[in-house]
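Laboratory data are not the source of any read-out in this text; all were calculated from the coordinates shown. Note that this is a predicted model, so its numbers are computed, not measured. Glycine also receives a Cβ, built like all others from the backbone with ideal geometry; neighbour counts cover every protein chain displayed.
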Ligand SMILES: Cc1cc2nc3c(=O)[nH]c(=O)nc-3n(C[C@H](O)[C@H](O)[C@H](O)COP(=O)(O)O)c2cc1C
């Protein structure tokens, strides 16, 4: 068990914890104190109670320190809508890369951003595999191409065939890194997508480019041998991206049709 109870020396009875998590926190009217109870050990360790306690009065065991940084209490002061929206709108799929590997400390920053992504019920089962060896990337790309060509698919099979004839890698574009997100938890599909999206955006802030590789994802889902023997991952594959320093620049962002929405007209 990780949350142990309340430090009554510190508790100011604000009841934020009760409002946040009435499943396990309650106010004992007779004793006039907050009580924590989780007999079946069901707490998901999301730490929201701790984050909402202004007195840091939630007792815990084996939990990490809370994070603090300027703006954590008012995130809207950290970045304007315009800056954030422009930053996201400028995100392009990068398909040309410099022959330069990403240093470990920079890759760790991307992984840190992925780590802080939310997951359903705070279940932390996602795993990442980073492939940085050029030969392995080539072998994986060739295997994905083989499967696509053998599929006879008019768009992707024919495309892969032509690319191979011309000596192009249209799977990983000779990117320096391939990142595969996977797990054994069948509920991780959305969690993985959110984590990868965060990772790709934070990568952009570090001068890195990235691209989703749905073609490799599809092959890894359906071909156990390629997944285990070449990619070296087990369980379910939830997403594949490439990462590296971009060797291409975009001078504009493309227009997009507004998401078709019902209910907007009801707002003033
Ligand atoms: C789920 C998903 C799968 C994708 N798979 C591939 C892929 O296999 N190969 C590729 O070159 N681009 C892939 N892309 C990139 C899209 O083609 C690209 O996002 C789209 O053309 C728009 O370009 P932009 O990202 O530069 O705005 C994928 C994108 C998404 C969201």
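What's the total number of residues in the range 208-222 that are closer than 25 Å to residue 90 by Cα and either surrounded by fewer than 24 Cβ atoms within 10 Å (Cβ to Cβ) or more than 6 Å from the ligand (Cβ to nearest atom) (or both)?
Result for the range 208-222: 9.
Looking at the range 223-250, which of the residues that are part of a loop (DSSP other than H, G, I, E, B) and more than 13 Å from the ligand (Cβ to nearest atom) is surrounded by the fewest Cβ atoms within 10 Å (Cβ to Cβ)?
Restricting to residues being part of a loop (DSSP other than H, G, I, E, B) and more than 13 Å from the ligand (Cβ to nearest atom), the top hit is 232.
With the condition being within 16 Å of the ligand (Cβ to nearest atom) and within 30 Å of residue 207 (Cα to Cα), I'd like the helices (runs of 4 or more DSSP H) fully within the range 9-115 carrying at least 2 qualifying residues.
81-89
If you check every pair at least six apart or on different chains, which have Cβ atoms under 9 Å apart with a residue in the range 50-63 that is in contact (Cβ under 8 Å) with a residue 60 or more places away in the chain first and a residue that is surrounded by 14 or more Cβ atoms within 10 Å (Cβ to Cβ) and part of a helix (DSSP H, G or I) second?
Correct list of pairs: 63/50.
Determine the pairs where a residue that is free of Cβ contacts under 8 Å to residues at least 12 places away in the same chain, located within the range 228-257, has a partner that is more than 14 Å from the ligand (Cβ to nearest atom) with Cβ atoms under 8 Å apart, the partner being 6 or more residues away or on another chain.
Cβ pairs passing all conditions: 228/234.
Does the range 155-196 hold any residues that are outside any loop (DSSP other than H, G, I, E, B) and free of Cβ contacts under 8 Å to residues at least 12 places away in the same chain, and which are they?
Those that are outside any loop (DSSP other than H, G, I, E, B) and free of Cβ contacts under 8 Å to residues at least 12 places away in the same chain: 157, 158, 159, 162, 165, 166.
For the range 122-142, does any single residue satisfy the condition of being surrounded by 20 or more Cβ atoms within 10 Å (Cβ to Cβ), in contact with a strand residue (DSSP E or B) (Cβ under 6 Å, 6 or more places away or on another chain) and more than 30 Å from residue 42 (Cα to Cα)?
Yes.
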